[in-house]
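What follows is a set of notes on a single structure, which appears directly below.
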Amino acid sequence: MESFEEFLSKFNKIEKEIIVDKPIEKITESVVIEDKPKDTPIIESVETKIVEEPISGYRVYRDKTETFICDMEITGANTSNSKARVIVESTGMTYMFEGTIDDKGHCEIPLKKMNFLNENEIGKIKLEVIADDMIFSPWEDTFVAVNHRKVTVKVTESIDTTPKIGVRISNIR
């Protein structure tokens, strides 16, 4: 195992070869290194934790029908002749759901169960509005496919229920 001085010498040589793009922030915290015997490793243990980021985006359900609802303002076109649809794009598949727009601009689009998507699959979802033969895309987001109903199971160690077979012999003469 190399000494700290040998390590520092190698580090200084490598440090001179590195080209820095951005200024390095100065560390203002002090570091205390305790003297340890040479055979004792400096790092005694390292604990790794994996933190999962919460999945963000519009949630579509694999096991439940739902209704996409929004309010919109259409200017320069007749709302009664306008149509709305939601397009769900995933890897290799594109699905379209058509809905209605009332005179006040209230839009409702029924979305069927999306069991064709894998759980936690991510893709793109967008709203398209067709007004006077022109297509507008006023909203777009990423989606994540989730289950509304979930079952969680905790399995404990099973108990051996097979009968024990044995022979006991006693009092042999």
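Fully extending the segment from residue 150 to residue 81 would add 20.7 nm, taking 0.36 nm per residue of separation and subtracting the current Cα-Cα distance. Say a paramagnetic label sat at a point 7 Å from the Cα of residue 65, along Cα to Cβ; which residues of segment 92-128 have their backbone N under 12 Å from it? Hits in segment 92-128 for residue 65 at 12 Å: 110-114. The GluC sites (Glu not before Pro) of segment 112-173 that DSSP puts in a loop, and whose beta carbon has at most 13 other beta carbons within 10 Å, are 119, 157. Principal axis extents of the Cα atoms in segment 58-146, from largest to smallest and rounded to whole angstrom, are 41, 22, 15. Here the spin labels are modelled as points 7 Å beyond Cα on the Cα-Cβ line, and at residue 136 and residue 165 they lie 8.0 nm apart.
No lab work stands behind these numbers, since they all come straight from the coordinates. Computed from a predicted model, the values in this text were never measured in an experiment. Quick reminder, even Gly has a Cβ in these numbers, built from the backbone with ideal geometry, and neighbours come from all protein chains shown.
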